[in-house]
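What follows is a short report on a single structure.
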Amino acid sequence: MLGRNDLCPCGSGKKYKKCCLNKDMASERSSRKVGLSQKQYYELYSKISEFSRDEKFKAEYDKARETFFIMEDEEINSKFERFFNTYFIQDHIMENKKVMTVEFFEANRDNLDMVERDILRSLFESYVSVYEVKEIQDEKILLKDCLNDVELYTEDINLLKDFKVGSPMIARVVKVGDINILIDITISISEAIKDTIVNDIKALFAQYEDIYKDMKTFLIHHTHILYKYIQQLLEPSIAEYLKNQRAEKASKAEAVEVCESDDKVITMLKQNIEEDLLQSGIDFWNGYKAANGEVKGAENGWAAGVEYYVKKEAGQSITQAQIAKKYEISPSTLGKRYKDFKAE
């Protein structure tokens, strides 16, 4: 056992009490606090997970898988099953517009203690984001949320022991008690990848500012986007699959005959919707524009909404997850566009 007067194992040549003792004691205190918080979180998570496996949620479970996973490959997808379970429990917006944590809270509110209630409130507000280490102290680390431009401290220093000031990561932060812990995901990324993801998501948010009031709300509804980046980063075959898929879409786009009078929504419909419903989609969109004047927002969101609307009107059995995936948007965004159309 290392004594106070022994040489410090860091190699400084100083006595342990004059060198790393205080830092190690601080680290031990933080480790105990984080350990307790993690225990409280995972005990609650287990209860929610068991609750979510009820047969009545089977259809929602299938929709969540359809949204979350990029490829239809069970072997590859099994590598991300842990991430998917968190997504299904905390992020998937069900047909009733609730996530599983809210459903669990409402069904069990009379049996929850104060700690569980507080953790659930934090989970309601949690999301995956891109973070950067701003400052490292003995007992805590300051992180900057690069997408929301806010800073927070985490005592989860052992998890981040290999990170340095400036190190970027994809992570999810949840407050348990009075400390922030990192759950499920903490993936180190390069500066270049960080910049790419941040720029992509900020550009995407700019297209949907008419739907989401701020970046935090957007991320809560689009957590699956960050999970898809993670799948690409951790599995090269997924990145290759998406590259080939984009090339195929570009090829199809070139083959589509576009008239000068076509707006971008009609162009996207021509590239995606089946021939027998194309004219119905174009007529519906032109009618909606004529009734509403200038329409703001990303074209792929509106095009997805048109396709979903005309297919539902035609009596087809189609899910929002299927159409959303085709147009690379979230089912939540598609649902809002569909609601706009139904309000007419």
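The values are calculated or read from the model by the stated rules, or taken from the named source; none is laboratory data. If you're wondering where the values come from, they're calculated on a predicted model, not measured in any experiment. Ideal geometry is used to build each Cβ from the backbone, glycine not excepted, and the neighbour counts take in all protein chains shown. The protein model used for the area step is the full one, side chains on, heavy atoms only, and it has no ligands, DNA or RNA in it. Shrake-Rupley method; radii C 1.70, N 1.55, O 1.52, S 1.80 Å.
Taking all protein chains together and rolling a 1.4 Å probe, Ser251 ends up with roughly 70 Å² accessible.
Computed in the context of the full set of protein chains, the accessible area of the stretch 32-72 at 1.4 Å probe radius has 52% of its extent on carbon or sulfur.
Magnitude of the Cβ-charge dipole of the chain, K/R +1 and D/E -1, about the Cα centre, nearest 20 debye? Mind showing how you got there, number by number?
Details: 51 positive and 61 negative charges, 317 e Å.
It works out to roughly 1520 debye.
A simple packing score, the average count of other Cβ atoms within 10 Å per residue, orders the peptides 54-61, 153-160, 112-119 as 153-160, 112-119, 54-61, with the highest score first.
Classify the stretch 1-61 as rounded, prolate or oblate, taking a ≥ b ≥ c as the square roots of the eigenvalues of its Cα gyration tensor: rounded when a/c is under 1.5, otherwise prolate if a/b is larger than b/c and oblate if not.
Working: a/c = 6.45, a/b = 4.78, b/c = 1.35.
Prolate, because a/c is 1.5 or more and a/b exceeds b/c.
Given C-alpha coordinates of the stretch 224-344, what is the ratio Rg to Rh with the Kirkwood estimate of Rh?
Numbers: Rg = 15.3 Å, Rh = 15.4 Å.
Rounded to two decimals, Rg/Rh equals 0.99.
Phe57 sits among other residues whose Cβ lies under 13 Å from its own Cβ, and their net charge, with Lys and Arg +1 and Asp and Glu -1, is -1.
Only Cα pairs under 8 Å and 6+ residues apart enter the sum, and on that basis the relative contact order of the stretch 1-124 stands at 17 percent. With the whole protein complex present, Asp149 retains an accessible surface near 110 Å², based on a 1.4 Å probe. When +1 charges are put on Lys and Arg Cβ atoms and -1 charges on Asp and Glu Cβ atoms, the dipole computed for the stretch 29-142 relative to its Cα centre reaches about 480 debye.
Taking square-rooted eigenvalues a ≥ b ≥ c of the alpha carbon gyration tensor, is the stretch 27-103 rounded, prolate or oblate, where a/c under 1.5 means rounded and, failing that, a/b exceeding b/c means prolate? Oblate, because a/c is 1.5 or more while a/b does not exceed b/c. For the stretch 275-328, the square roots a ≥ b ≥ c of the C-alpha gyration tensor eigenvalues yield an a/c of 1.5 or more together with a/b not exceeding b/c, which makes the shape oblate. The trypsin sites (Lys or Arg not before Pro) of the stretch 123-225 meeting both criteria, a DSSP state outside H, G, I, E and B (loop) and at most 15 other C-beta atoms within 10 angstrom of the site's C-beta, are Lys161, Lys164, Lys213.
Placing dummy labels 7 Å off each Cα toward the beta-carbon, the span from Leu234 to Gln316 is 3.3 nm.
For the listed residue pairs Lys17/Lys164; Lys289/Lys336; Lys144/Lys249; Lys202/Lys228, the alpha carbons are over 28 angstrom apart in Lys144/Lys249. Listed by number, the DSSP H helices of the chain that run 18 Å or longer by alpha-carbon position along their axis and have mean Kyte hydropathy of at least 0.0 are 191-207.
Quick one: Cα centre-to-centre distance for the stretch 23-84 and the stretch 290-344, in angstrom? The stretch 23-84 and the stretch 290-344 have Cα centres separated by 31 Å.
Counting only aspartates and glutamates at least 8 places from Lys79 when in the same chain, those with an alpha carbon closer than 20 Å to its own are Asp62, Glu66, Asp91, Asp184, Glu235, Glu240. Report the local net charge at Ser332: Lys and Arg +1, Asp and Glu -1, summed over other residues whose C-beta lies under 11 Å from its C-beta. For residues surrounding Ser332, the net value is +3.
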